[in-house]
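Visitor: Dropping the structure in here first, questions after.
The values are calculated or read from the model by the stated rules, or taken from the named source; none is laboratory data. The shown structure was predicted, so the numbers you read here are calculated from the model rather than taken from an experiment. A quick note on method: Cβ atoms are made from the backbone with ideal geometry, for glycine too, and the neighbour counts reach across all protein chains shown. For accessibility, only protein heavy atoms count, side chains too; no ligands or nucleic acids. Shrake-Rupley method; radii C 1.70, N 1.55, O 1.52, S 1.80 Å.
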Amino acid sequence: MGNSSCFREPWRALPESDQDIIEFVKTYHPRNDNISHLRILLQGPVGAGKSSFINSVESVILNRISGRAMTDASSGSSFTKKLKAFQICKDESKRTPCSFVFNDIMGFEVTQGGIHVEDVKLILRGHVAEGHEFKPKCPLSKDDGDYVSNPSLAEKVHVLVTVIPAASVPLLSDDVIKKMRDVRLDATMLEIPQLIILTKVDEACPEVKKTITNIYKSIYLKEQVEKIHKLLGIPLNCIFLVKNYNSEMDTSKDMNVPLLYALRQMINFGEDFLNSQ
Ligand SMILES: Nc1nc2c(ncn2[C@@H]2O[C@H](COP(=O)(O)OP(=O)(O)OP(=O)(O)O)[C@@H](O)[C@H]2O)c(=O)[nH]1
Ligand SMILES: [Mg+2]
């Protein structure tokens, strides 16, 4: 049955099951022998759901709600202040991590606030030490102790993911768009593959809030995908919709599938990049 705000059929078919992709994610290992982990950098405006996405992936893999990457509901300045790498363990024993890491960073803000674009460019190249505390007005300089002079391929970013709340797409300031485009062009120059995830799809569309399986049926959400495609120039098939785990008490297949669908593409793109190095 269709309704006014949803297509009858999804405009992109999601996988039926989450289990195959969970298996893929847990067994993934870079083919490049010199690399033990694929590095995925999450960038985007303040409060977009970057840290929440990391928690969501961990929730999917551990099959329980996780809150390791600290998140914050109050808007304003970025809650994440330091460069932090998150590994996700395959199970509760915490002995074996998955072969990918997320780099979580401070969000973009208008004008002088938030992370400096030059710092993001340095992170892409692996020049920023983990734990570095970002200073919005003052990007890392070569003589700072946190500057990594000769980063290895493992320390560089292999996939760039831009995280934006779906309902914010029409409201993005020119300044924040410029910052994200700037990083994107730099990543393109470095041949780093790029994806976008549009988050908070529940807040953006009441039909999706009601039923998460409407995610790729929502007409409004498809329009936001097309808008961000035009704004940032990222191909449509590299733009994904996700709802992070934020209010749920338990994980579920229907919540897992869109998250895993995006994650699988991150891993595939990153793997392609590593194999081209
Ligand atoms: N409804 C809803 N809320 C979300 C979703 N994703 C994140 N949130 C909420 O949005 C708020 C901000 O999320 P964070 O993960 O802290 O955002 P961030 O991008 O890490 O923000 P900074 O570190 O401040 O740059 C938190 O209160 C989350 O619970 C989502 O998909 N749906
Ligand atoms: Mg954060």
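Visitor: What pairs can you find where one residue is in segment 146-159 and closer than 14 Å to VAL120 by Cα, the other is aromatic (Phe, Trp, Tyr) and open to solvent by 40 Å² or more (accessible area, probe 1.4 Å), and their Cβ atoms are less than 8 Å apart, with a gap of 6+ or different chains?
Guide: Between residues of segment 146-159 that are closer than 14 Å to VAL120 by Cα and residues that are aromatic (Phe, Trp, Tyr) and open to solvent by 40 Å² or more (accessible area, probe 1.4 Å), the close pairs are VAL159/PHE269.
Visitor: I would also like to ask the following. Give me a count of the residues in segment 187-220 that are among the hydrophobic types (A, V, I, L, M, F, W, C) and either over 18 Å from PRO45 (Cβ atoms) or surrounded by fewer than 16 Cβ atoms within 10 Å (Cβ to Cβ) (or both). Give the derivation first.
Guide: The first filter runs over segment 187-220 and keeps only residues among the hydrophobic types (A, V, I, L, M, F, W, C), leaving 187, 189-190, 192, 195-198, 201, 204-205, 208, 212, 215, 219.
Checking which are either over 18 Å from PRO45 (Cβ atoms) or surrounded by fewer than 16 Cβ atoms within 10 Å (Cβ to Cβ) (or both) leaves us with 189-190, 192, 205, 208, 212, 215, 219.
Going through segment 187-220 one residue at a time, the tally reaches 8.
Visitor: Does any residue in segment 41-55 that is assigned to a loop (DSSP other than H, G, I, E, B) and of a type outside the set (Val, Ile, Thr) come within less than 6 Å, Cβ to Cβ, of a residue that is modelled with pLDDT under 95 and more than 6 Å from ligand 1 (Cβ to nearest atom) six or more places away or on a different chain, and which pairs are these?
Guide: Qualifying pairs under 6 Å: GLY47/SER75.
Visitor: Additional query: I'd like the residue in segment 91-124 that is among the acidic types (Asp, Glu) and away from ligand 2 (no atom under 16 Å from the Cβ) and, out of all such residues, is surrounded by the most Cβ atoms within 10 Å (Cβ to Cβ).
Guide: We begin by selecting, within segment 91-124, every residue among the acidic types (Asp, Glu); these are 91-92, 104, 109, 118-119.
Then keep just the ones that are away from ligand 2 (no atom under 16 Å from the Cβ); that gives 91-92, 118.
On the way: ASP91: 11, GLU92: 9, GLU118: 15.
Looking at the filtered set, the residue picked out is GLU118.
Visitor: Do we find a residue being closer than 25 Å to VAL117 by Cα, at pLDDT below 95 and open to solvent by 50 Å² or more (accessible area, probe 1.4 Å) anywhere in segment 258-277?
Guide: yes
Visitor: While we're looking at this one, here's another question. Would you pick out the residues in segment 221-259 that are closer than 30 Å to LEU153 by Cα, outside any loop (DSSP other than H, G, I, E, B) and within 15 Å of ligand 1 (Cβ to nearest atom)?
Guide: PHE240, LEU241, PRO258, LEU259, listed by residue number.
Visitor: Enumerate the pairs (first residue in segment 211-226 and at pLDDT 95 or above; second residue anywhere and of a type in the set (Lys, Arg) and part of a helix (DSSP H, G or I)) with beta-carbon separation below 9 Å, excluding pairs fewer than 6 apart on the same chain, so at least 6 apart or on different chains.
Guide: What qualifies is TYR216/LYS222.
Visitor: Which one of the conditions (1) in contact (Cβ under 8 Å) with a residue 24 or more places away in the chain; (2) part of a helix (DSSP H, G or I) does ASN268 fail to meet, given that it meets all the rest?
Guide: The one condition ASN268 does not meet is (1).
Visitor: Which condition number in (1) crowded, with 18+ Cβ neighbours inside 10 Å; (2) more than 17 Å from the chain's Cα centre (by Cα) is the one that GLN19 fails?
Guide: Result: GLN19 fails condition (1) only.
Visitor: When the residues of segment 49-80 are narrowed to those that are near ligand 1 (Cβ under 8 Å from one of its atoms) and among the charged types (D, E, K, R), which ends up modelled with the lowest pLDDT?
Guide: So, considering only residues that are near ligand 1 (Cβ under 8 Å from one of its atoms) and among the charged types (D, E, K, R), the one modelled with the lowest pLDDT is ASP72.
Visitor: Tell me, please, whether a residue that is closer than 12 Å to PRO45 by Cα, part of a loop (DSSP other than H, G, I, E, B), open to solvent by less than 70 Å² (accessible area, probe 1.4 Å) and of a type in the set (S, T, N, Q) can be found in segment 153-167.
Guide: No, every residue in segment 153-167 fails to be closer than 12 Å to PRO45 by Cα, part of a loop (DSSP other than H, G, I, E, B), open to solvent by less than 70 Å² (accessible area, probe 1.4 Å) and of a type in the set (S, T, N, Q).
Visitor: If you don't mind, another one. Which members of segment 34-88 meet the condition of being within 14 Å of ligand 2 (Cβ to nearest atom) and open to solvent by 60 Å² or more (accessible area, probe 1.4 Å)?
Guide: Answer for segment 34-88, where residues must be within 14 Å of ligand 2 (Cβ to nearest atom) and open to solvent by 60 Å² or more (accessible area, probe 1.4 Å): ARG68, MET70, THR71, ASP72, ALA73, SER74, SER75, SER77, PHE79, LYS81, LYS82, LYS84.
Visitor: If you go through segment 81-90 one residue at a time, how many are more than 13 Å from ligand 1 (Cβ to nearest atom) and not basic (Lys, Arg)? It would help to see each step written out before you state the result.
Guide: Looking only at segment 81-90, we keep the residues that are more than 13 Å from ligand 1 (Cβ to nearest atom), and these are 85, 87-90.
When the remaining residues are screened for being not basic (Lys, Arg), the result is 85, 87-89.
Total satisfying the criteria: 4.
Visitor: Cβ-Cβ distance below 6 Å, separation of 6 or more or different chains: which pairs start in segment 91-107 with a residue that is assigned to a loop (DSSP other than H, G, I, E, B) and within 16 Å of ligand 1 (Cβ to nearest atom) and end on one that is among the charged types (D, E, K, R) and open to solvent by 10 Å² or more (accessible area, probe 1.4 Å)?
Guide: MET106/LYS81
Visitor: For TYR220, indicate whether it is under 20 Å from LEU260 (Cα atoms) and not basic (Lys, Arg). Outline the logic, then answer.
Guide: Details: under 20 Å from LEU260 (Cα atoms): no; not basic (Lys, Arg): yes.
No; evaluated as a whole, the condition is false for this residue.
Visitor: Just for segment 168-179: of the residues that are touching a residue at least 24 places away in the same chain (Cβ under 8 Å) and out of contact with any strand residue (DSSP E or B) (no Cβ under 6 Å at 6 or more places or on another chain), which one is surrounded by the fewest Cβ atoms within 10 Å (Cβ to Cβ)? Explain how you work it out, then say what you get.
Guide: Let us first name the residues in segment 168-179 that are touching a residue at least 24 places away in the same chain (Cβ under 8 Å), namely 168-170, 172-173, 175-177, 179.
Adding the requirement that they be out of contact with any strand residue (DSSP E or B) (no Cβ under 6 Å at 6 or more places or on another chain) leaves 168-170, 172-173, 175, 177.
Details: SER168: 21, VAL169: 21, PRO170: 11, LEU172: 20, SER173: 14, ASP175: 15, ILE177: 17.
If we take residues in segment 168-179 being touching a residue at least 24 places away in the same chain (Cβ under 8 Å) and out of contact with any strand residue (DSSP E or B) (no Cβ under 6 Å at 6 or more places or on another chain), then PRO170 is surrounded by the fewest Cβ atoms within 10 Å (Cβ to Cβ).
Visitor: Next question. Does LEU140 count as in a loop (DSSP other than H, G, I, E, B) and at pLDDT 95 or above? Talk me through it step by step, then tell me what you get.
Guide: Values: in a loop (DSSP other than H, G, I, E, B): yes; at pLDDT 95 or above: yes.
Yes; evaluated as a whole, the condition is true for this residue.
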